[in-house]
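Chemist: Quick one: structure below, then a few questions.
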Amino acid sequence: MRSWSAPNIPRLPGDSVPLRLYDTATKEIRPTDPGPTARLYVCGITPYDATHLGHANTYLAFDLVGRVWRDMGRQVHYTQNATDVDDPLLERADKTGQDWRELAEREIELFRSDMEALRVIPPRDYVGVTEVVGEVAELVRRLGPSTYTLEGDIYFDRADAPKFGEVSGYSEAQMLALSAERGGDPARPGKRDPLDWLLWRAERPGEPAWDTVLGRGRPGWHVECTAIALATLGAGFDVAGGGSDLIFPHHECGASEGHAATGEWPFARFYSHAGMVGLDGEKMSKSKGNLVFVSRLREQADPMAVRLVLLAHHYREDWEYTPGQLAAAEARLARWRAAVAGDSGPDPEPLLAAVRERLADDLDAPGALRAIDAWAEEALAGRGDRPAGLVRDLVDALLGVEL
Ligand code: 5CA
Ligand code: ZN
């Protein structure tokens, strides 16, 4: 699928700082240490509604990962999927009398323009599930010994997943509750274990289906990401990312699928998760309808201010949006722009070192913002006589904010 256009990324002088990142599976912060080409997979949208601030928060977190890796001189192979066929999308299309394909296409197009406006670096591979149904079916077939069939549907047999539970570290009771809450079917009669998960859904009347090696049907949710990550990045890739609502069951199940298919564990070297953005005391979600759309915010304010709203929170934090945060970000953006426009301030090199250090420390963007605030305050007070070009470049290259 077409990705979106890339922002310009200035080159920075001096030494980069290697990225250390929190890994959900091992519960520790450690160096990412990628090869010459760092490999990143981030779970994409289910395109049945517009991009909200929660989505943007997740994609911005992994945008920072890519920016720090690039600063480290690495190439970045970034893959993202779009879940362009799945129950919630089909239900929404049904309810609103739209064609599900048109709905998906329209929302993906809006997502692209939101990402461009926020200057998010595009994935090299942007893959819709409908483009790779045949490959997903092949993978499900390869998983054969670990699967069983129930009324034509194919399930992963959890008894054949020795590492199941190691990504999330959740208890059995937590896993059961989350499975029911997040698209699983723990209560379906005939399953060997309530936590066995659907890999392949046989055709139902009125639902889309494809002709594949498994017969007519469509992919289950988790296996689509496993198949796309395997096909584009290969097992043992550097980071699998998404919001923390994907820790279980999505990334847990995907990790066991990858393990069964390749024998490699861990399937991703880091499982990295962004916090949930809420509104009025609840997680922002399409199903709850309590959404703050990026497209709406960028009608009200400079997209760079929207970006600064997100960067003001550590990516792992759960937080709630309030309009005051947008006003504060606009004020910050104006201060930074005024400071840089004056083209005279303190030595930018210590600032570059500080921003690099903050971001390398598990993406401490709020810390990076405070360092830039301090520089801007000095510059606006007339202290220092060094040109500000490097400040403009570092804010752009490392934080994606164009001043
Ligand atoms: N298509 C699947 C992933 S394969 C999916 O979860 N789609 S989504 O549209 O529901 O979410 C897209 C991304 O945004 C996911 O990484 C999800 O974890 C993240 N996300 C969803 N809601 C929020 C929220 N309220 N706060 C932060 N991140 C969120
Ligand atoms: Zn996914």
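Here, each number is a calculation from the coordinates, and none is a lab measurement. Just so we're clear, the structure is a prediction, and the values are computed from it rather than from any experiment. Note that we place each Cβ from the backbone using ideal geometry, even for glycine, and neighbour counts take in every protein chain shown.
Chemist: Please find the FRET efficiency linking residue 15 to residue 151, where r is the Cβ-Cβ separation and R0 is fixed at 45 Å, and quote it to the nearest 0.05. Don't skip to the end; give the middle numbers.
Modeler: Details: r = 60 Å, r/R0 = 1.32.
Working from the Cβ atoms, E equals 0.15.
Chemist: Roughly speaking, what is the centre-to-centre gap between the stretch 75-113 and the stretch 333-403 when only Cα atoms are used, to the nearest Å?
Modeler: Rounded to whole Å, the Cα centres lie 38 Å apart.
Chemist: Can you compute the FRET efficiency between residue 182 and residue 113 using 1/(1 + (r/R0)^6), with r the Cβ-Cβ distance and R0 = 30 Å? Round to the nearest 0.05.
Modeler: That gives a FRET efficiency of 0.60.
Chemist: Translational D (Stokes-Einstein, µm²/s) of the stretch 339-403 at 10 °C and 1.306 mPa s when Rh comes from the Kirkwood sum over C-alpha pairs?
Modeler: Taking Rh from Cα pairs, D becomes 138 µm²/s.
Chemist: Something else about it: Modelling each spin label as a point 7 Å along the Cα-to-Cβ direction, I'd like the residue 334/residue 299 distance in nm, to one decimal.
Modeler: For residue 334 paired with residue 299, the spin-label model returns 2.3 nm.
Chemist: Place a point 7 Å from the Cα of residue 262 along the Cα-to-Cβ direction; which residues of the stretch 231-245 have their backbone N under 12 Å from it?
Modeler: 231-240
Chemist: Using only the alpha-carbon atoms, how far is helix 172-181 inclined from the longest principal axis of the chain? Give it as 0 to 90 degrees, nearest 10.
Modeler: That helix lies at roughly 90 degrees to the long axis.
Chemist: Further question on the same structure: Over the stretch 81-223, what relative contact order in percent results from Cα pairs under 8 Å that are six or more residues apart?
Modeler: 23
Chemist: Tell me, what are the semi-axes, in whole angstrom and largest first, of the equivalent ellipsoid of the stretch 21-162 as set by the roots of 5 times the Cα gyration tensor eigenvalues?
Modeler: Here the semi-axes work out to 29, 25, 14 Å.
Chemist: Would you mind calculating the gained length between residue 357 and residue 94 on full extension (0.36 nm times residue separation, minus the Cα-Cα distance), in nm to one decimal?
Modeler: 89.7 nm
Chemist: While we're on this one: How high is the relative contact order of the stretch 226-368, in percent, counting Cα pairs under 8 Å that sit 6 or more residues apart?
Modeler: Computed over the stretch 226-368, the figure is 19 percent.
Chemist: Can you put 43, 253 in order, fewest other beta carbons within 10 Å first? Spell out each step's value before the answer.
Modeler: Details: 43 25, 253 28.
Fewest-to-most Cβ neighbours within 10 Å comes out as 43, 253.
Chemist: Also, I was wondering about something else. Run through the DSSP bridge list for the stretch 20-274 and note the antiparallel percent, rounded to the nearest 5. Mind showing how you got there, number by number?
Modeler: Values: 17 of 36 bridges.
Approximately 45 percent, going by the DSSP bridge assignments.
Chemist: Kindly state, to the nearest 0.05, the FRET efficiency for residue 320 paired with residue 2, given R0 = 30 Å and r defined as their beta-carbon distance.
Modeler: Numbers: r = 34 Å, r/R0 = 1.14.
For residue 320 and residue 2, the calculated efficiency is 0.30.
Chemist: If you don't mind, another one. What ranking do 300-311, 368-379 get when scored by the average of other Cβ atoms within 10 Å per residue, highest first? Mind showing how you got there, number by number?
Modeler: Numbers: 300-311: 21.7, 368-379: 19.9.
Final packing ranking: 300-311, 368-379.
Chemist: Would you mind checking the stretch 123-148 for residues with the amide N under 13 Å from a putative spin-label position 7 Å along Cα→C-beta of residue 193?
Modeler: The answer is 146-148, whose backbone nitrogens lie closer than 13 Å to the label point.
Chemist: Could you work out the pair-distance distribution P(r) of the stretch 20-274 from its alpha-carbon pairs, with 10 angstrom bin width and percents rounded to whole numbers?
Modeler: With 10 Å bins starting at 0, P(r) equals 7, 31, 38, 21, 4, 0.
Chemist: Got the relative contact order for the chain handy, in percent, Cα pairs under 8 Å and 6 or more residues apart?
Modeler: Here the relative contact order equals 21 percent.
Chemist: Could I ask something else about it? How large is ³J(HN,Hα), in whole Hz, for each residue of the stretch 208-218 in order, when computed from phi with the Karplus curve 6.51 cos²θ - 1.76 cosθ + 1.60 and θ = phi - 60°, using x for Gly and Pro?
Modeler: After applying 6.51 cos²θ - 1.76 cosθ + 1.60, I find x, 8, 10, 7, 9, 4, 9, x, 8, x, 8 Hz.
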